[in-house]
Structures are given as structure tokens and as C-alpha cells.
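Peer 1: Structure in C-alpha cells, see below.
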Amino acid sequence: MSVPDDLYQKALEIAKAQRVSVDEVFASAFAEQLSAWKQLQQRADGGTHEKFLAALDKVPDVEPDGYDRP
């Protein structure tokens with residue numbers, strides 16, 4: 001898979017500023033993404049249907065403002 005040119009150029013700018021390789025920039029970004037996914041999965045694992053329904057009970061039963069409608 002290839003990286004889009006604009007994304008590669010941004011990575012190149014970061015690499016030059018940080019004095020690291022482009023591969024290191026992409027590896028670091030990927031590691032951060034994996035960490036974020038792991039945190040999200042941990043939060044999801046702590047959820048239950050009952051907690052979801054309890055959260056929904058806190059949402060007011062009103063029509064949305066005009067700017068929030070399609």
C-alpha cells in the first residue's frame with residue numbers, strides 16, 4: 001500500500017523537524033493509534049446494556065433545535 005502524497009509530505013516535514021526518519025514518524029503515529037484503540041476497547045469492555053440505558057435516561061426528551069436537524 002502506498003501513502004498519499006500529501007500525507008507523505010507532512011510526514012517528511014515532521015521527520016526533518018524531529019531529525020528522524022519518515023518510517024519512524026509513521027511508526028510513532030501508528031503506535032499512538034494502536035494505544036488509542038486499546039483505550040477505547042477497554043472503555044467499551046467496561047460498558048453494559050444497563051449503563052447505556054441509564055445514560056439514555058439522562059438525555060432530555062425534547063425536539064432538537066433547528067440547526068441540529070437535517
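FYI, it's all coordinate maths here, none of it is from the lab. The shown structure was predicted, so the numbers you read here are calculated from the model rather than taken from an experiment. Note that each Cβ is placed from the backbone with ideal geometry, even for glycine, and that neighbours are counted across all protein chains shown.
Peer 1: If each of V59 and A29 carries a label point 7 Å out from its Cα toward its Cβ, how far apart are those two points in nm?
Peer 2: For the pair V59/A29, the computed spacing is 3.3 nm.
Peer 1: What FRET efficiency comes out for the pair L7/A44, r = Cβ-Cβ distance, R0 = 25 Å, nearest 0.05?
Peer 2: Once rounded, the FRET efficiency stands at 0.35.
Peer 1: Take a quick pass over the chain and tell me how many lysine pairs come in under 30 angstrom between Cα atoms, counting only ones 8 or more apart or on separate chains.
Peer 2: Values: K10/K38; K16/K38; K38/K51; K38/K58.
Final tally of qualifying lysine pairs is 4.
Peer 1: Further question: How far is helix 22-45 tilted off the main Cα axis of the chain, in degrees rounded to 10, range 0 to 90?
Peer 2: Between helix and principal axis, roughly 20 degrees.
Peer 1: Run the quick spin-label model on V20 and W37: label points 7 Å from Cα toward the beta carbon, then report their separation in nm to one decimal.
Peer 2: It works out to 1.9 nm between the two label points.
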